[in-house]
Amino acid sequence: MSVFSPGKKLALAAAISGVLFIAGCASQQQKQTNTFTLSEAEYFSTPGVDLLVFSNAPGGMFFDAKTSGIEIIHHGERTVTNGDVRLLHVPEQWDGMGQLVERIVDRDTQTITATLAYPEHDFSYKVSATPKGDGSVLVRVLLDKPLPQKLVGKAGFNLEFLPAVYWDKTFIADGKSGRFPRSPSSAGGMVTSDAGLTEPAPLARGRNLVLSPEDPQHQVSIRSLDGSGELMLFDGRTKAQNGWYVVRSLIPAGKTGEVVQWELNANAIAGWVREPVIGHSQVGYHPKQKKQAVLELDRRDSIKGKVTLWRIEPNGKKQVVASGSPEKWGTYLRYNYFVFDFSSVTEPGVYQLGYGSQTTSAFRIDSNVFADVWQPTLDFFFPVQMDHMRVREAYRIWHGLSHMDDALQAPPNYEHFDLFAHDANLDTKFKPFEHIPGLNYGGWYDAGDFDIRTQSQYHAVQGLVHAYEEFGINRDNTTISQERKYTEINRPDGINDILQQIEHGTLALIAQHRAIGHAIPGIVEAHLYQYPHLGDGSTKTDNKIYSAKLDPHAAKRKVGPMYNPSTVDPTPLEDPMPEQGNYSGRFDDRWAFTSNTTALNYGSAAALTAASRALRGYNDALAEECLETAKKVWRYEAGRKPNTYFYGNTTGGRLEEEKLKAAAELLITTRDPQYAQAVRELLPKAAEMFFGDTVAMLVLAAPLMDAEFNAELKRLAQLHLDRVKKVEEENPFGVPITRQGWAGNSAVMDFGITSYWLNKLFPDLVSDEWVYRSLNYLYGTHPDSNYSFVSGVGAKSQTKAYGNNRADFSFIPGGVVPGVLVLPPDYPENKSDWPFFWGQNEYVIPMGSRYIFLTHAAHALLNK
């Protein structure tokens, strides 16, 4: 028996009961009787269907990630999630979820039991699943006490279905048919509850519901058993674009025991085996580099035949240039892997790989294969992310001039969303909700949302500077005017674009020092209704500075619960507010969180110092101000006890790492011995943070340090070799694949960049092959699929990503998504048809600068 307890056990009054039955019940042609077994990975499995029971805890740092509860992996794809008790028909991302108290796996009884609770409602329950001899799984949710009166009509058992899989398909409820709408819809319209909440009416109701009866791959049927309420089918997208279709039964009042019982059947196609994936680079390969295709096979599959490589001739004919049986690597997660090496093929040309009935898209072998793959990131991604600018591309306006009303002082003792917070100290002269002038220029939208997170800004600036200095990047394809606050894509202005982007990020950093006197965590939306804003960032606020004198509700402004925006903004959005010139009474300006932490100051100083070098000769005044500001920060921090206030990922990184970066950048720029001494003193800590930016700074500082320092650095380089050996044993891709709630392409790129810097200093010790592995992974040699994770780069790429245009199921060229998220216990996933999974598909700006560096590193090494 294994037990997982995420927190202190609660005394449970106990259970709702539900029965959830999974079996093979589809069309007669596809009928299969399933026998579920409890796998070693602690979920129920039968060919074609896996049933997970709280393998992940509900919620997370951004609340509902749709990766918990009862989940179904249906013919290889996770299409059903969040089978749990919820308090709304169609909960939104920030609505409450039960807390996982304990998860017990009892192999003797073949039972998984999860205990959950809503402590704020004094309500607890269990969800238990047991396979039956007839091939079903019995899921019971047990309740000893009746439902609390305040939850009657609210609490129910929900199960969510992925819209991208089910839209345009049909459903049948008690014999009456309907169709899943592609656009968000409610057949009975929207209904306002007694509490004032707007919710959709059901698409269908009944005791028997069949989803997608025409599609054996996704057919699911649900029957509500005697004693349970009727089934209701809702479209969750009517409340939020990232909502799913929801099947729900309300929990009746005054009952205990089995209050909800479902019989649920997920069809399993007889003999189903997942199609193999031919992992390869969608971009292609340099003639000199190692070339390997990695085959990913279902664990019930085996190699059948050979892998073939064709060269495509100008006349369209194919010529076999390599063929052979792939070599078995072994098992990783839930799949078996095999490797086909075709490194001997070096002739430039266009190629395709084939295995079984599959043929890959065409890819190139060419010495210039990496010469231009970075350009969409500099030409499109960074311009589109530019805040405080109007961005145009030919006939298209990507967004208008945004956030010219930045920013109001955020209040003290307050926990905000998106990992921003304040303790009792604001560290400024400004009062809560007072306008802080001078923060409305420079900077990029941090990610798929619109905040300016300082850590992201300084990582991106420093990364762009290093790429510019190391590889001499010089490309002009964009017009950028700080005076006119205007950017136009595909219109050169005679100025190096990367310098203009370095300048834009630097302006946001220096603005903080000018306006406040130190680096700050960042600037973020004030209200929850603004946070998930989709589309044009210029429409999120009125771009007029908030004035309490013009606000008839000013006296009501107070800070309440974090996720209750009405406590700070009681003004209906549609109500007109007084305006006077550049001021208005609308309380919609973003908030500045202003903690004066030592780590943030050092991180900002490092980027400002690096920028001062790049901007010399382009914007000398700004370059000089950046360097003097960084020196001032160094003196200031040397004269005070470190401010170590920490919250989430907004108050700075590890203190020693941020200080090392600042010291190294100042040393490189000034050659001042005091900074060399600081770098030397921090070296013993380097073993604990020997990757990414730390390695870059140590290598760049090495020529200015003594022989003892360089000898120690070479010893530390052995740590990287040990790390490589470990990841080569863990997975067939030879790069670190993280397992946190955010997918790991950033770590993959850090691995490649670290390898580049160490190879530069110790070429006999560190292989340049590890640089190319990282790019191969980004471009399609990774688990789950084989498309490129760089939008618009490669024959096939992620083109439904979590950018600010995600509601259009679109992408921003050159954006790099986080990639494959490994969902416990063993399921690698990157959704190509659903852009709303931030942990898999959200663009963030530091990944853009890393990608530009990594592609140039590979091109430089292979063509030196």
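The values are calculated or read from the model by the stated rules, or taken from the named source; none is laboratory data. Predicted, not measured: the structure shown is a model, and the values here were computed from it. Don't worry about glycine lacking a Cβ; one is built from the backbone with ideal geometry, like all the others, and counts go over all protein chains shown. Accessible surface is based on the protein model in full, side chains and every heavy atom, while ligands, DNA and RNA are left aside. Shrake-Rupley method; radii C 1.70, N 1.55, O 1.52, S 1.80 Å.
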For region 221-307: span of alpha carbons on each principal axis (Å, largest first): 72, 35, 19
Express in whole angstrom the spacing between the alpha-carbon centres of region 221-294 and region 464-482. 44 Å
Loop-located GluC sites (Glu not before Pro) in region 465-539, at most 16 other Cβ atoms within 10 Å (DSSP): Glu483
Residue-normalised value, i.e. accessible area per residue, for the chain at 1.4 Å probe, in Å², stands at 36 Å²
Would you mind calculating the gained length between Asp95 and Lys317 on full extension (0.36 nm times residue separation, minus the Cα-Cα distance), in nm to one decimal? 74.2 nm
Just want to confirm a number: the relative contact order over region 572-659, from Cα pairs under 8 angstrom separated by 6+ residues, in percent. 37 percent
For region 822-862, projected area of the alpha-carbon convex hull averaged over all directions, nm²: 4.5 nm²
Relative to a virtual label point 7 Å from the Cα of Ala362 in the Cα→beta-carbon direction, which members of region 316-341 show backbone nitrogen distances below 14 Å? 316-319
Compute the Rg to Rh ratio over region 575-634 from the alpha carbon atoms, using the Kirkwood formula for Rh, and round to two decimal places. 1.26
Between Asp168 and Arg514, what is 0.36 nm times their sequence separation minus the Cα-Cα distance? Round to one decimal in nm. 119.1 nm
Lysines whose Cα lies under 23 Å from that of Lys145, excluding same-chain neighbours fewer than 8 positions away: Lys8, Lys9, Lys126, Lys154, Lys255
Using alpha-carbon positions, what is the distance between the centroids of region 509-551 and region 746-791, in Å? 37 Å
Provide the packing ranking of 170-181, 773-784, i.e. peptides ordered by the mean count of other C-beta atoms within 10 Å per residue, highest first. 773-784, 170-181
From the Cα gyration tensor of region 138-221, with a ≥ b ≥ c the square roots of its eigenvalues, which class applies: rounded if a/c is under 1.5, or else prolate if a/b is larger than b/c, or else oblate? oblate
Full extension between Arg739 and Arg205 adds, at 0.36 nm per residue less the Cα distance, a length in nm of 188.3 nm
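How much net charge surrounds Gln718 when only the other residues with a Cβ under 14 Å from the Cβ of Gln718 are counted, with Lys and Arg +1 and Asp and Glu -1?
That works out to +2.
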Neighbour net charge for Asp451 - beta-carbon separation under 12 angstrom, K R +1, D E -1: -3
Suppose a student asked you for the relative contact order of region 214-307, using Cα pairs under 8 Å spaced at least 6 residues apart; what percent would you report? 27 percent
Only loop residues by DSSP count here, and only those with at most 12 other Cβ atoms within 10 Å; note down the chymotrypsin sites (Phe, Trp or Tyr not before Pro) in region 575-683 that meet that. none
Rounded to the nearest 500 deg cm²/dmol, what is the calculated helix-only ellipticity per residue at 222 nm for the chain, with -39500 (n - 2.57) per DSSP H run of length n ≥ 4? -7000 deg cm²/dmol
Classify region 580-678 from the C-alpha gyration tensor, please: rounded if a/c falls under 1.5, else prolate or oblate depending on whether a/b exceeds b/c. oblate
Reachable aspartates and glutamates from Lys760, criterion Cα separation under 17 angstrom, eight or more residues apart if same chain: Glu469, Glu470, Asp693, Glu712, Asp750, Asp768, Glu769
Packing rank of 57-63, 652-658, where each peptide gets the mean count of other beta carbons within 10 Å, highest leading: 652-658, 57-63
Is the chain rounded, prolate or oblate when judged by the Cα gyration tensor, a ≥ b ≥ c being the square roots of its eigenvalues, rounded requiring a/c under 1.5 and prolate requiring a/b larger than b/c? oblate
So what are the three principal axis dimensions of region 419-523 from its Cα atoms, in whole Å, longest to shortest? 47, 30, 26
Compute the Rg to Rh ratio over region 367-416 from the alpha carbon atoms, using the Kirkwood formula for Rh, and round to two decimal places. 1.24
Quick calc: nm separation of the 7 Å Cα→Cβ label points for Asp108 and Val273 -> 3.9 nm
With contacts defined as alpha carbon pairs under 8 Å and 6 or more residues apart, what's the relative contact order of the chain in percent? 11 percent
Protection proxy (average C-beta count within 10 Å per residue), highest first, orders 412-420, 425-433 as 412-420, 425-433
Residue list for region 358-383, given a label point 7 angstrom along the Cα-to-Cβ vector of Arg475 and an amide N cut-off under 14 Å: 369-383
How much net charge surrounds Asp174 when only the other residues with a Cβ under 11 Å from the Cβ of Asp174 are counted, with Lys and Arg +1 and Asp and Glu -1? +3
Region 442-543: chymotrypsin sites (Phe, Trp or Tyr not before Pro) in DSSP loop, at most 14 other beta carbons within 10 Å: Tyr529
